[in-house]
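The values are calculated or read from the model by the stated rules, or taken from the named source; none is laboratory data. Note that this is a predicted model, so its numbers are computed, not measured. Glycine gets a Cβ as well: all are built from the backbone with ideal geometry, and neighbour counts include every protein chain shown. Each accessible area value is taken on the protein alone, full model and side chains, heavy atoms only, with ligands, DNA and RNA left out. Shrake-Rupley method; radii C 1.70, N 1.55, O 1.52, S 1.80 Å.
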Amino acid sequence: MSNAVKGPASYFPSIEKKYGRPVEEWKQLVRDSPLTRHMELVAWLKSEHGIGHGHANAIVAHTLAETVS
């Protein structure tokens, strides 16, 4: 049985390496944002912070899934 990380969290090591900040900081930015819709948050991370689409999508998806649980 494999313990490999799947889903949005599988991007976290490369996000931290590429952008030099812990994923928790990115997630806190998403939580603190006045924006609430998934694609609005993705677009915001891309335009304001220079994060690529896939990485922004992973951060937002994981963060929003936590708030729903």
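Any idea of Leu35's accessible area? Nearest 10 Å², probe 1.4 Å.
60 Å²
Compute the signed sum of charges (Lys and Arg +1, Asp and Glu -1) over the other residues within less than 13 Å, Cβ to Cβ, of Asp32.
With Lys, Arg at +1 and Asp, Glu at -1, the neighbours total -1.
Could you rank Ser10, Ser47, Ser33 by how accessible they are, 1.4 Å probe, largest area first?
In descending accessible area the options line up as Ser47, Ser10, Ser33.
Can you list the trypsin sites (Lys or Arg not before Pro) in the stretch 21-69 that are in a DSSP coil and have 12 or fewer other beta carbons within 10 angstrom?
Answer in residue order: Arg37.
Just how large is the dipole of the chain about the Cα centre, in debye to the nearest 20, putting +1 at every Lys and Arg Cβ and -1 at every Asp and Glu Cβ?
200 debye
Just going by the charge dipole of the chain, with Lys and Arg at +1 and Asp and Glu at -1 on Cβ, which of Pro22, Tyr11, Val60 is farthest out on the positive end?
With unit charges placed on the Cβ atoms, the residue in question is Tyr11.
What accessible area, in Å² to the nearest ten, does a 1.4 Å probe give for His53?
We get 90 Å² for His53.
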